[in-house]
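Just below is one structure, and these are the notes that go with it.
The values are calculated or read from the model by the stated rules, or taken from the named source; none is laboratory data. Please read these numbers as outputs of a predicted model, since none were measured by experiment. Glycine gets a Cβ as well: all are built from the backbone with ideal geometry, and neighbour counts include every protein chain shown.
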Amino acid sequence: MAKPGKLLKIPSPIRLIGMGIALGGVGFGLFGVAYHGENDDVVSAFYPNVVTESLSIALAVIVIDALYERQETRREKERLIREMGCSDNGIALRAVKDLRVEGWLTDGTLNGHSLSKAALQGADLRGACLHRVNLIGANLEGANLEGASLTGAVMYECNLQHVRLIRADLRGALLNKSRLNHAHLAEADLRGATLHGAELEGALISAATQLQQTDFEGVSFRGAKLNHTRMERAKLSWADFDGASLAGADLRGAVLHGTRLHKADLRGADLASADLDQARLQQAQMEGALLHGANLLGTRLQWADLTGADLRGAEMAGATLHQTLLLGVSLEGAMHLTDSQLCTPRAMRGAVLPDGSRYDGHYLLVGDIHEACQAGINLHNAQSMADFYGVLLKVYADGQMWMRAHLTLLRQTDLDPSC
């Protein structure tokens, strides 16, 4: 199907003249041969020469006209691209419309061009081909870039707020310090993109959005909805996810040095082998999270809920566990986790300790005691308490002996609690 603006294109007057010369020469030659016959040597040589010369002249005229038209087309493209990149929004939008009509918005014409500081707010750029385009400082607020190709585009400090980037291809794009607040990024492909210091507060990112190996260092994701997103091996150091929702997200092997995740929802998230060195996870919801092999060196987990989480083989040197819920967690093989740390959580009933044994209550954690009281269990009945912790009576008794010998050295506490 012909593109809009290309339908029934009328040949130029010069090209029509060339075509007329060709048709006239051929017609004259055929007429001459038919009228005079082929017996006269002079006649038989004259008419073919007329045809040949006519066709040569016609071809020259058509070629010259085609070259002229190509030059005019190039000039028109340059004019529209120049207008698209101007700081007047009205002129820029008109240029975008004309480029679409000519089919130049989607055919690669714009690839590699500079549209720095262009006023493209509200522009209809659906399906646009903008490979390696320079959009530094451009204003694209509210623009529609659905299905657009922006691979390798340079988009530093762009205003991309409320932009529709559904199914857009942003692989390898440079979006440092750009504002993507409330941008719609469902099914967008940002693999390998760099977004240092960018803002994505309130951005809509679906499970199908491709964020693997993307560099989000220092990015603000405050309150963003990132449930079930794929962010394997993403670089997220010093990013701000305070209050963000990352339930079920795939963050395997991600780098989260110093990342803020205060009150973030990480329920069921996969953080296996992730690097959470010095990350701030205070009051985070991490029920059922997978953290086996993760680096939690110096991680702050105060008041976080890690009920049922998998922390097997995790590095936990210096991790802060004050009032953390560790109900049913697996800490088997966790490294550098000390008694000083383990006597500070709120509750640990059902947890598996680093040596593979089941927690027997020897840290006398207030949350466990409160739960036992709520269940009507006699705290001074050793068998009842052993059953409460799910261990053998001897194991519970040995734990209590360890508690009386060591716990007061680790934490000021009443060794004879009551309900």
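Quick look at the numbers
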{"read-out": "Matching residues in region 181-219 - criterion: being of a type in the set (Gly, Ala, Ser) and either within 16 Å of Val163 (Cβ to Cβ) or surrounded by 24 or more Cβ atoms within 10 Å (Cβ to Cβ) (or both)", "value": "Ala183, Ala186, Ala188, Ala193, Ala198, Gly202, Ala203, Ser206"}
{"read-out": "Residue selected from region 320-355 under the condition free of Cβ contacts under 8 Å to residues at least 40 places away in the same chain, more than 34 Å from the chain's Cα centre (by Cα) and under 21 Å from Asp387 (Cβ atoms), by the criterion surrounded by the most Cβ atoms within 10 Å (Cβ to Cβ)", "value": "Met348"}
{"read-out": "Selection count where residues are assigned to a strand (DSSP E or B) and of a type in the set (Gly, Ala, Ser), scope region 234-267", "value": "1"}
{"read-out": "Counted residues, region 86-97 - those being out of contact with any Gly (no Cβ under 8 Å at 6 or more places or on another chain), modelled with pLDDT of 95 or more and either crowded, with 16+ Cβ neighbours inside 10 Å or not small (Gly, Ala, Ser) (or both)", "value": "6"}
{"read-out": "Flag if Gln302 is surrounded by fewer than 24 Cβ atoms within 10 Å (Cβ to Cβ) and on the phi < 0 side of the Ramachandran plot", "value": "yes"}
{"read-out": "Pair list, Cβ under 7 Å, 6 or more apart: region 201-220 residue polar (S, T, N, Q), other residue assigned to a strand (DSSP E or B)", "value": "Gln210/Asp189; Gln210/Arg230; Gln212/Arg230; Ser220/Glu199; Ser220/Asp240"}
{"read-out": "Residues (of a type in the set (D, E, K, R) and part of a strand (DSSP E or B)) located in region 214-233", "value": "Asp215, Lys225, Arg230"}
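Yes/no per residue for (1) more than 18 Å from Ser330 (Cβ to Cβ); (2) small (Gly, Ala, Ser); (3) not in a loop (DSSP other than H, G, I, E, B):
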site	(1), (2), (3)
Gly361	no, yes, no
His370	yes, no, yes
Ile377	yes, no, no
Ser384	yes, yes, yes
Val391	no, no, no
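Listed here are the residues, each with its yes/no results for (1) among the charged types (D, E, K, R); (2) modelled with pLDDT of 95 or more.
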{"residue": "Glu332", "(1), (2)": "yes, yes"}
{"residue": "Val352", "(1), (2)": "no, yes"}
{"residue": "Ser357", "(1), (2)": "no, yes"}
{"residue": "Asp416", "(1), (2)": "yes, no"}
